[in-house]
1. Can you go through 182, 235 and tell me which one is surrounded by fewer than 16 Cβ atoms within 10 Å (Cβ to Cβ) and over 15 Å from residue 152 (Cβ atoms)?
2. Determine, yes or no, whether residue 142 is crowded, with 19+ Cβ neighbours inside 10 Å and under 15 Å from residue 100 (Cα atoms).
3. Hey, residue 212 hits all of (1) basic (Lys, Arg); (2) without any contact (Cβ under 8 Å) to a residue 40 or more places away in the chain; (3) open to solvent by 50 Å² or more (accessible area, probe 1.4 Å) but one; which does it fall short on?
4. So if I check each of 220, 195, which one is assigned to a helix (DSSP H, G or I) and at pLDDT 95 or above?
5. Do the conditions hold for residue 140, that is, is it over 21 Å from residue 236 (Cα atoms) and in contact (Cβ under 8 Å) with a residue 24 or more places away in the chain?
6. For residue 109, state whether it is touching a Phe, Trp or Tyr at 6+ places or on another chain (Cβ under 7 Å), over 30 Å from residue 43 (Cα atoms), touching a residue at least 12 places away in the same chain (Cβ under 8 Å) and open to solvent by less than 80 Å² (accessible area, probe 1.4 Å).
7. Go through segment 158-177 residue by residue and tally those that are buried (at least 20 other Cβ atoms within 10 Å of the Cβ) and either charged (D, E, K, R) or assigned to a strand (DSSP E or B) (or both).
Amino acid sequence: MNRYERLTALLEMLAARGRVGTDEAAAELGVSGATVRRDLDHLAEQQLLSRTHGGAVVQAVSYDLPMRYKNDRLADEKQRIGRAAANLAEPGSVVGLTGGTTATEVARGLVTRPELDLTVVTNALNIAGELVVRPRVKLVVTGGVARPQSYQLIGPLAARIADELSLDIAFIGVDGLDPHLGATARHEGEAELSRVFAAHAERVVVVAHSSKLGRRALARICGTDEVDVLVTDRGATDHAVAPYLERGVEVHRA
């Protein structure tokens, strides 16, 4: 296990348990206590946890796992989802892209299509950073307040700017897609921006790993009847996608 994987695992332990002991973590990760202490000190310096005698606890302010530490065990599936979703964009389209790891793969899929001249609207700083150097992409970035955990711009300013735009297609990343409740996100500010993107798009494409299907998160983005296409991975069974097909959603399994 390399250091990146250890840092990810430690943050996931904290997110699940609220606190973790050095000896406990060392035993689970199969490394020395000294290694765990160094890793915890590193994360504490970045204000991602608070050190205690013998371990660490989560910060007083609740947080999601920062994107740079999210486990990449699903990277291959998300890359396939991203490429499949990118194929839905037409040349000359105005494309909306929310943040998140799967939406980032959509952005990467879009730029591998040299025939596309696109206008891309995004509230994700990491996506903007990748697209700004692409000569065939006109990039529009919403304003707003940056959320470090996801690199997304949120808040009234971001929503106000997005509300003035018209999109041909919006690619929406989600934390859950329930057949009855619809698309949801863990953070209400991110859900608000995704909701605006969906409302102003001619076509709404939800990009979601199969593990998100049938799940609900805190804040609603839009109803299932507002989703035109679901792009997921081949891990989604016929049983899992059937409720969306019944509601008229076009399903692609990459």
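The values are calculated or read from the model by the stated rules, or taken from the named source; none is laboratory data. Since we're looking at a predicted model, the values are computed, not measured. We place every Cβ from the backbone using ideal geometry, glycine too, and count neighbours over all the protein chains shown. For the accessible areas, the whole protein counts, side chains as well, though only heavy atoms, and no ligand, DNA or RNA atoms are used. Shrake-Rupley method; radii C 1.70, N 1.55, O 1.52, S 1.80 Å.
1. Numbers: 182 fails: surrounded by fewer than 16 Cβ atoms within 10 Å (Cβ to Cβ).
Being surrounded by fewer than 16 Cβ atoms within 10 Å (Cβ to Cβ) and over 15 Å from residue 152 (Cβ atoms) holds for just one of 182, 235, which is 235.
2. Numbers: crowded, with 19+ Cβ neighbours inside 10 Å: yes; under 15 Å from residue 100 (Cα atoms): no.
In short, no.
3. (3)
4. Of the residues listed, the single one that is assigned to a helix (DSSP H, G or I) and at pLDDT 95 or above is 195.
5. Numbers: over 21 Å from residue 236 (Cα atoms): yes; in contact (Cβ under 8 Å) with a residue 24 or more places away in the chain: yes.
For residue 140, the condition - over 21 Å from residue 236 (Cα atoms) and in contact (Cβ under 8 Å) with a residue 24 or more places away in the chain - is met.
6. On the way: touching a Phe, Trp or Tyr at 6+ places or on another chain (Cβ under 7 Å): no; over 30 Å from residue 43 (Cα atoms): yes; touching a residue at least 12 places away in the same chain (Cβ under 8 Å): yes; open to solvent by less than 80 Å² (accessible area, probe 1.4 Å): yes.
No: the conditions fail for residue 109.
7. Residues meeting the conditions: 9.
Residue by residue, here is whether (1) under 13 Å from the mean Cα position of the chain (by Cα); (2) modelled with pLDDT of 95 or more; (3) closer than 27 Å to residue 251 by Cα holds:
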| residue | (1), (2), (3) |
| --- | --- |
| 132 | no, no, no |
| 136 | no, no, no |
| 169 | no, yes, yes |
| 184 | yes, yes, yes |
| 187 | yes, no, yes |
| 191 | yes, yes, yes |
| 206 | yes, yes, yes |
